[in-house]
Amino acid sequence: MVATTPALAELYRLTSTIPIVFIQVGDPVESGLVASLARPGGNITGFQSFDAAIGGKWLGLLKEAAPKMMRVALLYGSDIPVIVAFLRAAEALATSLGVAVTPVDVVGGGGIEQSVAAFSGQPDGGLIVTPHRYTLANRQSIIALAARHRLPAMYPLRIFAAKGGLISYGFDVIDQWRGPATYVDRILRGEKPGELPVQAPTKYELVVNLKTANALGLSIPPAFPLRADEVIE
């Protein structure tokens, strides 16, 4: 069993015979790791974390929470196709929401603080953080960066909101870990991984950190937290 797109890509390169069950991988079809979701083929199957359309969902939710937002910086990684697809989905929706999207590539890690600082020089800005290995490894500094520049921010996983991020929307990590065990059991009993469909998350969670909203001086519309699965106060 393997987690994350980069780790799966490395195993894909190393073997085409050993059965592999993955978790927390973006779009495995877009990444070229399986033939299709219904019939992945080969030696790989598993549980997808996000599909490309969620980029638009992140933007829409952030706009609901911060209606005055007219501009958003989106931290993404140009080295992972599905994360680029998140960016494209946000860009596709942006015009209808009256929001301009500014891409900030985290590959290499250099200049992120400078880019966000320059972006925040104009009013009515926001921030969207995608689930790249850089953003996950540097989540605390990114949360601090958003706070320093007073940017309402959307994050992909609950751990960001729990550590002080404003809002997170993503799959329930604990719930998704339950599935791979059943696939491993079925493969050990003789089923072929290539014939087991790749499954999408069945449970998503919206987390709102009102402590962070207060620190930012952000008045979130009262109805928005009522939709949340968890409110941090």
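The values are calculated or read from the model by the stated rules, or taken from the named source; none is laboratory data. Computed from a predicted model, the values in this text were never measured in an experiment. As a convention, Cβ positions derive from the backbone with ideal geometry for all residues, glycine included, and neighbour counts pool all protein chains shown.
I want to confirm something. Restricting to the range 179-212 and keeping residues that are part of a loop (DSSP other than H, G, I, E, B) and among the small types (G, A, S), which single residue is modelled with the highest pLDDT? If you could, list the steps in order and put the result at the bottom.
Kept after step one, since they are part of a loop (DSSP other than H, G, I, E, B), are these residues of the range 179-212: 189-192, 196-198, 200-203.
Restricting the remaining residues to those that are among the small types (G, A, S) gives 190, 200.
Working: G190: 96, A200: 87.
Looking at residues that are part of a loop (DSSP other than H, G, I, E, B) and among the small types (G, A, S), I get G190.
Can you tell me which residue within the range 112-123, out of those that are surrounded by 13 or more Cβ atoms within 10 Å (Cβ to Cβ) and not aliphatic (A, V, I, L, M), is nearest to A73 (Cα to Cα)?
Residue satisfying both the conditions and the ranking: F119.
Going residue by residue through the range 46-69, is there one that turns out to be in contact with a Ser or Thr (Cβ under 6 Å, 6 or more places away or on another chain) and surrounded by 17 or more Cβ atoms within 10 Å (Cβ to Cβ)?
Restricting attention to the range 46-69, the residues satisfying the condition of being in contact with a Ser or Thr (Cβ under 6 Å, 6 or more places away or on another chain) are none.
No, the range 46-69 has no match at all.
Within the range 27-34, identify whether any single residue is of a type outside the set (D, E, K, R), closer than 17 Å to A153 by Cα and either out of contact with any Cys (no Cβ under 6 Å at 6 or more places or on another chain) or in the same structural domain as V129 (by TED's automatic domain parsing) (or both), and answer yes or no. Lay out the reasoning, then the answer.
To start, the set of residues in the range 27-34 that are of a type outside the set (D, E, K, R) comprises 28-29, 31-34.
Now drop any that are not closer than 17 Å to A153 by Cα, which leaves none.
So far as the range 27-34 goes, no, none of its residues is of a type outside the set (D, E, K, R), closer than 17 Å to A153 by Cα and either out of contact with any Cys (no Cβ under 6 Å at 6 or more places or on another chain) or in the same structural domain as V129 (by TED's automatic domain parsing) (or both).
Quick one: count up the residues across the range 153-175 that are of a type outside the set (F, W, Y) and in a helix (DSSP H, G or I). Spell out the reasoning first.
Pass one, the range 153-175, residues of a type outside the set (F, W, Y): 153-154, 156-159, 161-168, 170, 172-175.
Of the ones still in play, those that are also in a helix (DSSP H, G or I) are 158-159, 161-162, 173-175.
So the count comes out to 7.
If we scan the range 70-93, do we find a residue that is buried (at least 20 other Cβ atoms within 10 Å of the Cβ), in a loop (DSSP other than H, G, I, E, B) and touching a residue at least 12 places away in the same chain (Cβ under 8 Å)?
yes
For every residue, the table says whether it meets (1) part of a loop (DSSP other than H, G, I, E, B); (2) over 16 Å from the mean Cα position of the chain (by Cα); (3) surrounded by 14 or more Cβ atoms within 10 Å (Cβ to Cβ).
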| site | (1), (2), (3) |
| --- | --- |
| A147 | no, yes, yes |
| W177 | no, yes, yes |
| N214 | no, yes, no |
| S219 | yes, yes, no |
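Take the residues of the range 10-43 that are acidic (D, E) and not in a helix (DSSP H, G or I): which is surrounded by the most Cβ atoms within 10 Å (Cβ to Cβ)?
Ranking the candidates gives D27 first.
Okay, residues lined up against (1) of a type in the set (S, T, Y); (2) in contact with a Gly (Cβ under 9 Å, 6 or more places away or on another chain):
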| site | (1), (2) |
| --- | --- |
| A92 | no, yes |
| T95 | yes, no |
| V101 | no, no |
| V106 | no, yes |
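If a residue must be of a type in the set (A, V, I, L, M) and surrounded by fewer than 21 Cβ atoms within 10 Å (Cβ to Cβ), how many such residues does the range 152-175 contain?
Step one: of the range 152-175, the residues of a type in the set (A, V, I, L, M) are 153-154, 157, 159, 161-162, 166-167, 173-174.
From what's left, surrounded by fewer than 21 Cβ atoms within 10 Å (Cβ to Cβ): 159, 162, 173-174.
Number of matching residues: 4.
Going through the range 179-211 one residue at a time, which ones are more than 20 Å from R227 (Cβ to Cβ), surrounded by 14 or more Cβ atoms within 10 Å (Cβ to Cβ) and either hydrophobic (A, V, I, L, M, F, W, C) or in the same structural domain as M154 (by TED's automatic domain parsing) (or both)?
Answer for the range 179-211, where residues must be more than 20 Å from R227 (Cβ to Cβ), surrounded by 14 or more Cβ atoms within 10 Å (Cβ to Cβ) and either hydrophobic (A, V, I, L, M, F, W, C) or in the same structural domain as M154 (by TED's automatic domain parsing) (or both): V184, I187, L196, V198.
Give me a count of the residues in the range 221-233 that are in a loop (DSSP other than H, G, I, E, B) and exposed (fewer than 15 other Cβ atoms within 10 Å of the Cβ).
Residues meeting the conditions: 5.
From the residues in the range 52-69 that are assigned to a loop (DSSP other than H, G, I, E, B) and touching a helix residue (DSSP H, G or I) at 6+ places or on another chain (Cβ under 8 Å), which one is nearest to D185 (Cα to Cα)?
Our first condition is that a residue be assigned to a loop (DSSP other than H, G, I, E, B); within the range 52-69, this holds for 52-53, 66-69.
Now restrict to residues that are touching a helix residue (DSSP H, G or I) at 6+ places or on another chain (Cβ under 8 Å): 52-53, 69.
Values: A52: 30, A53: 31, M69: 48 Å.
The selected residue is A52.
Which condition breaks for H132 when tested against (1) touching a strand residue (DSSP E or B) at 6+ places or on another chain (Cβ under 8 Å); (2) at pLDDT 95 or above?
Of (1) touching a strand residue (DSSP E or B) at 6+ places or on another chain (Cβ under 8 Å); (2) at pLDDT 95 or above, only one is false for H132: (2).
If a residue must be of a type in the set (A, V, I, L, M, F, W, C), within 18 Å of L136 (Cβ to Cβ) and modelled with pLDDT of 90 or more, how many such residues does the range 10-29 contain? Before you say what the answer is, go through the steps one by one.
Step one: list which residues in the range 10-29 are of a type in the set (A, V, I, L, M, F, W, C), which gives 11, 14, 18, 20-23, 25, 29.
Add one more test, that the residue is within 18 Å of L136 (Cβ to Cβ), and what stays is 22-23, 25.
Now drop any that are not modelled with pLDDT of 90 or more, which leaves 22-23.
Residues meeting the conditions: 2.
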